[in-house]
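So the structure is just underneath, and the comments pick up after that.
The values are calculated or read from the model by the stated rules, or taken from the named source; none is laboratory data. Quantities reported herein were computed from a predicted structural model and do not represent experimental measurements. Heads up, the Cβs are rebuilt from the backbone with ideal geometry, glycines too, and the neighbour counts pull from every protein chain shown.
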Ligand code: NAD
Ligand code: GLY
């Protein structure tokens, strides 16, 4: 097992927390106990994840005298909304959960984002633990405290920054994950190489076949390096006033795709993949990256079996959806672009014509 620390210090308190990463550590309740103010938890999960992992976790908790309630939600991105959030509040109130009762998110990014938001709001804030079970959640959404829900007008538009007390990442849970979901998670892994670590990007090019084959050693290394990069960025800019924006490479375009196609039709990671290619194409058009770097970027997403062509919408539709992005300032979209492989920057200054031309080159014909 390895532990990556998210270092969060402020004048009032130390909110740093560990991310424990290992193969087969789901039942290591000893790693959770120091973070439980009361031996009582509510586990939030969904109808797909519960049959695989809920009983194992509850039995392990029981062995340490921790009482658990389960809240089992419907599965899917289209349930990441107010109605589902309210199901959590209904259950917490019915079960008389208290201020010291810890909410545990057991599932992918949808469960993590919903549970974290519920923990931020229930009784004005209760402790929260992440046990991520998709690759995407293990490398990205369980770390850093972004929580929230979608609005029909925009992705992740309602939420709160609310950090977990500990993240328990068991890479063995990925053995039950469908291939398409594994590939979607790889989109966020590639993102870390692109924005921060050229060596990691090259390593991914060399190891993509083993990553897709779920080689435990390669998966463990990819998860650890991704978490290290995310932890470093979150520690520097918890509330996204600067460098944290770089983690949104491909997301402004990607969120537009997810919204336009209907939540859940394109997986988040698939939309991020096609969105990253759009950001890379724009970076090439602005002469930041070379044609050969652009080809390498397309190549690594293709090796991962991810889409590199965005769905066809009019450039105006893309632009109006992109204006719903959280990075918009004074009505202007801010773009995350690549200066080179391993270095991202934020820019307001993309000429409208360049953007429209680039959008057209990245879209499907039909
Ligand atoms: P998801 O939560 O919908 O999970 C994908 C599917 O896999 C679901 O059907 C789920 O039930 C199933 N599943 C989960 N674990 C499984 C397992 N071990 N075995 C079998 N099936 C399993 O999707 P996701 O890709 O994990 O997360 C996407 C969400 O995360 C999006 O809503 C996105 O906006 C959000 N996100 C948040 C952050 C953040 O910082 N908070 C970052 C990135 C993405
Ligand atoms: N997934 C982007 C972030 O956490 O900032």
Study note, to complete from the structure: Going through the stretch 63-75 in order, the residues found to be over 23 Å from the mean Cα position of the chain (by Cα) and not in a strand (DSSP E or B) are 63, 64, 65, 66
Check your understanding: If we scan the stretch 173-183, do we find a residue that is away from ligand 1 (no atom under 15 Å from the Cβ), farther than 26 Å from residue 345 by Cα and either surrounded by fewer than 19 Cβ atoms within 10 Å (Cβ to Cβ) or at pLDDT 95 or above (or both)?
Key -> no
**Study point:** Among (1) under 22 Å from residue 32 (Cβ atoms); (2) assigned to a helix (DSSP H, G or I); (3) within 16 Å of ligand 2 (Cβ to nearest atom), the one test that residue 164 misses
**Key:** (2)
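Give the stretch 76-88 a look and list any residue that's in contact (Cβ under 8 Å) with a residue 12 or more places away in the chain, more than 16 Å from ligand 2 (Cβ to nearest atom) and more than 27 Å from residue 35 (Cβ to Cβ), or say none.
Our first condition is that a residue be in contact (Cβ under 8 Å) with a residue 12 or more places away in the chain; within the stretch 76-88, this holds for 76-82, 84-85, 87-88.
Of the ones still in play, those that are also more than 16 Å from ligand 2 (Cβ to nearest atom) are 76, 78-79, 81-82, 84-85, 87-88.
Across the stretch 76-88, the qualifying residues are 76, 78, 79, 81, 82.
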Study note, to complete from the structure: Out of (1) within 29 Å of residue 311 (Cα to Cα); (2) at pLDDT 95 or above; (3) within 13 Å of ligand 2 (Cβ to nearest atom), the one residue 255 does not meet is (2)
Study note, to complete from the structure: Scanning the stretch 261-287 for residues that are within 12 Å of ligand 1 (Cβ to nearest atom) and part of a loop (DSSP other than H, G, I, E, B), the one surrounded by the fewest Cβ atoms within 10 Å (Cβ to Cβ) turns out to be 264
Revision key, fill the gap. Picking from 112, 144, 148, the residue that is in contact with a helix residue (DSSP H, G or I) (Cβ under 8 Å, 6 or more places away or on another chain), assigned to a helix (DSSP H, G or I) and either closer than 30 Å to residue 323 by Cβ or more than 15 Å from ligand 1 (Cβ to nearest atom) (or both) would be 112
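Sort out which residues of the stretch 115-135 are farther than 14 Å from residue 170 by Cβ, without any contact (Cβ under 8 Å) to a residue 40 or more places away in the chain and either in contact with a helix residue (DSSP H, G or I) (Cβ under 9 Å, 6 or more places away or on another chain) or within 16 Å of ligand 2 (Cβ to nearest atom) (or both), and write them in order of number. Give the derivation first.
Initial filter on the stretch 115-135 (farther than 14 Å from residue 170 by Cβ): 115-128.
Of the ones still in play, those that are also without any contact (Cβ under 8 Å) to a residue 40 or more places away in the chain are 121-126, 128.
121, 122, 123, 125, 126, 128, listed by residue number.
If you check 60, 42, 91, which single one turns out to be in a helix (DSSP H, G or I) and either within 16 Å of ligand 2 (Cβ to nearest atom) or in contact with a strand residue (DSSP E or B) (Cβ under 6 Å, 6 or more places away or on another chain) (or both)?
Values: 60 fails: either within 16 Å of ligand 2 (Cβ to nearest atom) or in contact with a strand residue (DSSP E or B) (Cβ under 6 Å, 6 or more places away or on another chain) (or both); 42 fails: in a helix (DSSP H, G or I).
Just a single option satisfies the conditions, and that option is 91.
Condition check: in contact with a strand residue (DSSP E or B) (Cβ under 7 Å, 6 or more places away or on another chain), under 14 Å from residue 174 (Cβ atoms) and crowded, with 17+ Cβ neighbours inside 10 Å. Does residue 223 satisfy that?
Numbers: in contact with a strand residue (DSSP E or B) (Cβ under 7 Å, 6 or more places away or on another chain): yes; under 14 Å from residue 174 (Cβ atoms): yes; crowded, with 17+ Cβ neighbours inside 10 Å: yes.
In short, yes.
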**Study point:** The one condition in (1) assigned to a strand (DSSP E or B); (2) within 11 Å of ligand 1 (Cβ to nearest atom); (3) touching a residue at least 40 places away in the same chain (Cβ under 8 Å); (4) within 30 Å of residue 98 (Cβ to Cβ) that residue 138 fails to fulfil
**Key:** (1)
Revision key, fill the gap. Flagged pairs (Cβ under 6 angstrom, 6 or more apart or on separate chains; first in the stretch 354-366, closer than 12 Å to residue 316 by Cα; second part of a helix (DSSP H, G or I)) are 356/315; 359/315; 359/318
Review point. Just wondering, is there one or more residues in the stretch 231-246 that are away from ligand 2 (no atom under 16 Å from the Cβ) and either within 17 Å of the chain's Cα centre (by Cα) or in a helix (DSSP H, G or I) (or both)?
Key: no
